[in-house]
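Enquirer: Quick one: this structure, given as C-alpha coordinates, is what I'll be asking you about.
The values are calculated or read from the model by the stated rules, or taken from the named source; none is laboratory data. This one's a predicted model, so the numbers in the text were calculated from it and none came from an experiment. Every residue, glycine as well, gets a Cβ built from its backbone with ideal geometry; the counts of neighbours run over all protein chains shown. The accessibility values were calculated without ligands, DNA or RNA, using every heavy atom of the protein model including side chains. Shrake-Rupley method; radii C 1.70, N 1.55, O 1.52, S 1.80 Å.
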Amino acid sequence: MAKKYEALKIENQLCFPLYACAKEVIKKYRPYLEEIDLTYTQYIAMMVLWEHKEMNVKELGERLYLDSGTLTPLLKKLEKKGLFSRKRSEEDERKLIVTITQQGMELREKACEIPAAMGGCIDLDREEVLTLYHLLYKILGKETGM
(Lines give C-alpha, C1' and ligand atoms only; values in the text may rest on other atoms or scores of the structure.)
Protein backbone atom coordinates (compact mmCIF):
# COMPACT_ATOMS: atom_id res chain seq x y z
CA MET A 1 0.00 0.00 0.00
CA ALA A 2 1.30 3.45 -0.86
CA LYS A 3 2.81 5.38 2.06
CA LYS A 4 0.26 8.20 1.70
CA TYR A 5 -2.53 5.73 2.60
CA GLU A 6 -0.86 4.38 5.77
CA ALA A 7 -2.83 6.80 7.94
CA LEU A 8 -6.05 5.29 6.59
CA LYS A 9 -5.33 1.81 7.91
CA ILE A 10 -7.72 0.97 10.71
CA GLU A 11 -4.89 -0.28 12.93
CA ASN A 12 -3.33 3.20 12.73
CA GLN A 13 -6.43 4.92 14.12
CA LEU A 14 -6.77 5.81 17.80
CA CYS A 15 -10.54 6.13 17.36
CA PHE A 16 -11.01 2.49 16.39
CA PRO A 17 -9.71 0.75 19.54
CA LEU A 18 -11.58 3.35 21.65
CA TYR A 19 -14.80 2.58 19.76
CA ALA A 20 -14.30 -1.19 19.86
CA CYS A 21 -13.40 -1.20 23.57
CA ALA A 22 -16.42 0.94 24.43
CA LYS A 23 -18.67 -1.52 22.60
CA GLU A 24 -17.09 -4.51 24.34
CA VAL A 25 -17.28 -2.96 27.80
CA ILE A 26 -20.93 -2.03 27.30
CA LYS A 27 -21.59 -5.60 26.12
CA LYS A 28 -20.10 -6.88 29.40
CA TYR A 29 -22.49 -4.63 31.34
CA ARG A 30 -25.55 -6.02 29.58
CA PRO A 31 -26.28 -9.08 31.79
CA TYR A 32 -25.98 -7.02 34.98
CA LEU A 33 -28.13 -4.22 33.63
CA GLU A 34 -30.79 -6.61 32.36
CA GLU A 35 -31.28 -7.67 35.99
CA ILE A 36 -32.29 -4.10 36.88
CA ASP A 37 -34.08 -3.41 33.57
CA LEU A 38 -31.77 -0.64 32.34
CA THR A 39 -29.75 -0.04 29.21
CA TYR A 40 -26.20 1.21 29.61
CA THR A 41 -27.20 4.78 28.74
CA GLN A 42 -30.08 4.64 31.22
CA TYR A 43 -27.66 3.30 33.83
CA ILE A 44 -25.20 6.18 33.45
CA ALA A 45 -28.07 8.67 33.61
CA MET A 46 -29.26 7.04 36.82
CA MET A 47 -25.73 7.15 38.27
CA VAL A 48 -25.72 10.94 37.87
CA LEU A 49 -29.19 11.19 39.41
CA TRP A 50 -28.30 8.90 42.32
CA GLU A 51 -25.47 11.30 43.08
CA HIS A 52 -27.27 14.62 42.55
CA LYS A 53 -30.95 13.70 43.17
CA GLU A 54 -32.11 16.63 41.02
CA MET A 55 -30.67 18.61 38.12
CA ASN A 56 -31.70 20.30 34.93
CA VAL A 57 -31.74 18.31 31.72
CA LYS A 58 -29.10 20.46 30.05
CA GLU A 59 -26.62 19.79 32.88
CA LEU A 60 -27.42 16.09 32.77
CA GLY A 61 -26.74 16.01 29.03
CA GLU A 62 -23.43 17.81 29.53
CA ARG A 63 -22.34 15.37 32.26
CA LEU A 64 -23.15 12.39 30.02
CA TYR A 65 -21.90 13.88 26.73
CA LEU A 66 -25.38 13.31 25.25
CA ASP A 67 -27.27 15.64 22.93
CA SER A 68 -30.95 16.39 23.45
CA GLY A 69 -31.95 14.07 20.58
CA THR A 70 -30.49 11.13 22.51
CA LEU A 71 -31.33 12.35 26.00
CA THR A 72 -35.03 13.18 25.53
CA PRO A 73 -36.22 9.67 24.57
CA LEU A 74 -33.97 8.19 27.25
CA LEU A 75 -35.54 10.42 29.91
CA LYS A 76 -39.05 9.64 28.74
CA LYS A 77 -38.39 5.91 29.15
CA LEU A 78 -36.91 6.36 32.62
CA GLU A 79 -39.82 8.56 33.67
CA LYS A 80 -42.27 5.95 32.36
CA LYS A 81 -40.50 3.38 34.57
CA GLY A 82 -41.16 5.69 37.54
CA LEU A 83 -37.48 6.29 38.28
CA PHE A 84 -37.68 10.09 38.23
CA SER A 85 -40.04 12.93 37.45
CA ARG A 86 -39.65 15.89 35.12
CA LYS A 87 -40.97 19.40 35.71
CA ARG A 88 -40.32 22.94 34.54
CA SER A 89 -38.18 25.15 36.74
CA GLU A 90 -40.21 27.71 38.69
CA GLU A 91 -37.42 30.29 38.23
CA ASP A 92 -36.97 29.71 34.49
CA GLU A 93 -39.63 27.81 32.54
CA ARG A 94 -37.13 27.08 29.78
CA LYS A 95 -35.29 24.72 32.14
CA LEU A 96 -36.57 21.19 32.60
CA ILE A 97 -35.69 19.66 35.97
CA VAL A 98 -35.40 15.93 36.62
CA THR A 99 -35.81 14.66 40.18
CA ILE A 100 -35.16 11.09 41.24
CA THR A 101 -38.11 9.27 42.82
CA GLN A 102 -38.14 6.88 45.76
CA GLN A 103 -38.38 4.02 43.26
CA GLY A 104 -35.30 5.40 41.50
CA MET A 105 -33.40 5.53 44.78
CA GLU A 106 -34.43 1.96 45.58
CA LEU A 107 -32.97 0.83 42.26
CA ARG A 108 -29.60 2.13 43.46
CA GLU A 109 -29.51 -0.66 46.05
CA LYS A 110 -29.84 -3.26 43.30
CA ALA A 111 -27.14 -1.54 41.22
CA CYS A 112 -24.52 -1.40 44.00
CA GLU A 113 -22.94 -4.70 42.98
CA ILE A 114 -22.47 -3.80 39.31
CA PRO A 115 -19.17 -1.86 39.54
CA ALA A 116 -17.44 -4.66 41.47
CA ALA A 117 -18.81 -7.29 39.09
CA MET A 118 -17.55 -5.28 36.12
CA GLY A 119 -14.13 -4.93 37.73
CA GLY A 120 -13.75 -8.67 37.36
CA CYS A 121 -14.66 -8.56 33.67
CA ILE A 122 -11.76 -6.38 32.55
CA ASP A 123 -8.26 -7.81 32.63
CA LEU A 124 -6.37 -4.78 33.91
CA ASP A 125 -4.65 -4.28 37.23
CA ARG A 126 -5.45 -1.26 39.43
CA GLU A 127 -2.54 0.80 38.10
CA GLU A 128 -3.52 0.13 34.47
CA VAL A 129 -7.14 1.06 35.24
CA LEU A 130 -6.05 4.37 36.79
CA THR A 131 -3.74 5.15 33.88
CA LEU A 132 -6.46 4.41 31.33
CA TYR A 133 -9.02 6.38 33.33
CA HIS A 134 -6.78 9.47 33.44
CA LEU A 135 -5.84 9.21 29.76
CA LEU A 136 -9.47 8.93 28.66
CA TYR A 137 -10.48 11.95 30.71
CA LYS A 138 -7.48 13.83 29.32
CA ILE A 139 -8.84 13.16 25.82
CA LEU A 140 -12.20 14.51 27.01
CA GLY A 141 -10.46 17.60 28.35
CA LYS A 142 -11.60 16.98 31.94
CA GLU A 143 -9.86 16.84 35.29
CA THR A 144 -10.34 13.51 37.01
CA GLY A 145 -11.34 12.77 40.55
CA MET A 146 -10.21 9.17 40.81
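Enquirer: Restricting the search to region 51-62, which residues are of a type outside the set (A, V, I, L, M) and either surrounded by fewer than 16 Cβ atoms within 10 Å (Cβ to Cβ) or not in a helix (DSSP H, G or I) (or both)?
Expert: Result: 51, 52, 53, 54, 56, 58, 59, 62.
Enquirer: Select from region 118-128 the residues that are in a helix (DSSP H, G or I) and more than 17 Å from the chain's Cα centre (by Cα) and list them in ascending order.
Expert: 126, 127, 128, listed by residue number.
Enquirer: May I ask you to list the residues in region 88-104 that are open to solvent by less than 40 Å² (accessible area, probe 1.4 Å) and part of a helix (DSSP H, G or I)?
Expert: Of everything in region 88-104, just one residue is open to solvent by less than 40 Å² (accessible area, probe 1.4 Å) and part of a helix (DSSP H, G or I), namely 104.
Enquirer: Looking at residue 108, is it basic (Lys, Arg), under 18 Å from residue 41 (Cα atoms) and open to solvent by 40 Å² or more (accessible area, probe 1.4 Å)?
Expert: It is true that residue 108 is basic (Lys, Arg), under 18 Å from residue 41 (Cα atoms) and open to solvent by 40 Å² or more (accessible area, probe 1.4 Å).
Enquirer: Here's a check for you: in region 117-140, which residue that is among the small types (Gly, Ala, Ser) and modelled with pLDDT under 90 is most open to solvent (accessible area, probe 1.4 Å)?
Expert: 120
Enquirer: Within the bounds of region 3-18, is there any residue that is within 30 Å of residue 122 (Cβ to Cβ), at pLDDT 90 or above, assigned to a loop (DSSP other than H, G, I, E, B) and of a type in the set (Lys, Arg)?
Expert: Yes - at least one qualifying residue is present in region 3-18.
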